[in-house]
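A.B. asks: First, the structure itself, so that you have it in front of you.
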Amino acid sequence: MTSQDHQADEETLLEFPCTFPIKAMGAADSEIEAVVWEILERHVPDLDPNALTTRASSGGKWLAVTARIRADSKAQLDAIYRELSAHHLVVYAL
């Protein structure tokens, strides 16, 4: 962990490492699940394939993808959210 990561970790109430839920939503007819997996795989070592769950909206138009990851730092979470938010298939990242 760099001193910058340590400083960023001090700016959050989370204690690292921790289990953290990442949620992204997109159109149900898109490749949203694959996109979330690809992005998380770049940022989370040893990402468990069973960590992802999906849930369709009541009307079937949207798909929410949730992953419970082991978060090691605030910087890691920030990078994940930046990349998810920038992807054109991701409508919301929570």
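A.B. asks: Quick check on my filter: what residues within the stretch 75-94 are more than 18 Å from Asp29 (Cα to Cα) and among the small types (Gly, Ala, Ser)?
C.D. replies: Result: Ala75, Ala79, Ser85, Ala86.
A.B. asks: Please enumerate the residues belonging to the stretch 30-48 that are outside any helix (DSSP H, G or I) and either touching a Leu at 6+ places or on another chain (Cβ under 8 Å) or at pLDDT 95 or above (or both).
C.D. replies: Scanning the stretch 30-48 gives Ser30, Glu31, Val44, Leu47.
A.B. asks: Among the numbered criteria (1) within 11 Å of the chain's Cα centre (by Cα); (2) farther than 30 Å from Glu11 by Cβ, which one does Arg68 miss?
C.D. replies: (2)
A.B. asks: Which one is most open to solvent (accessible area, probe 1.4 Å), of the residues in the stretch 56-74 that are closer than 11 Å to Ala24 by Cα and out of contact with any Pro (no Cβ under 9 Å at 6 or more places or on another chain)?
C.D. replies: Trp62
A.B. asks: A further question follows. Every residue in the stretch 75-88 that is crowded, with 16+ Cβ neighbours inside 10 Å and in a loop (DSSP other than H, G, I, E, B), please.
C.D. replies: Listed by number, the list holds a single entry, His87.
A.B. asks: Additional query: Being under 14 Å from Met25 (Cα atoms) and free of Cβ contacts under 8 Å to residues at least 40 places away in the same chain is the filter here, so list the residues in the stretch 35-55 that pass it.
C.D. replies: Trp37, Leu52, Thr53, Thr54, Arg55
A.B. asks: A follow-up question, please. What are the residue pairs meeting all of these: first residue in the stretch 3-28, first residue open to solvent by 100 Å² or more (accessible area, probe 1.4 Å), second residue modelled with pLDDT of 95 or more, Cβ atoms under 8 Å, and 6 or more apart or on different chains?
C.D. replies: From residues that are open to solvent by 100 Å² or more (accessible area, probe 1.4 Å), the pairs are Gln4/Ala75; Glu11/Lys74.
A.B. asks: Out of (1) in contact (Cβ under 8 Å) with a residue 12 or more places away in the chain; (2) hydroxyl-bearing (Ser, Thr, Tyr); (3) not in a helix (DSSP H, G or I), the odd one out for Ser58 is which?
C.D. replies: Failing condition for Ser58: (1).
A.B. asks: Just need a number here: residues in the stretch 66-91 that are within 15 Å of Lys23 (Cβ to Cβ) and either out of contact with any Gly (no Cβ under 8 Å at 6 or more places or on another chain) or modelled with pLDDT under 95 (or both).
C.D. replies: Going through the stretch 66-91 one residue at a time, the tally reaches 12.
The values are calculated or read from the model by the stated rules, or taken from the named source; none is laboratory data. Predicted, not measured: the structure shown is a model, and the values here were computed from it. Methodologically, a virtual Cβ is constructed for each residue, glycine included, from the backbone with ideal geometry; neighbour enumeration extends over all protein chains shown. Surface accessibility is based on the protein's heavy atoms, side chains included, excluding ligands, DNA and RNA. Shrake-Rupley method; radii C 1.70, N 1.55, O 1.52, S 1.80 Å.
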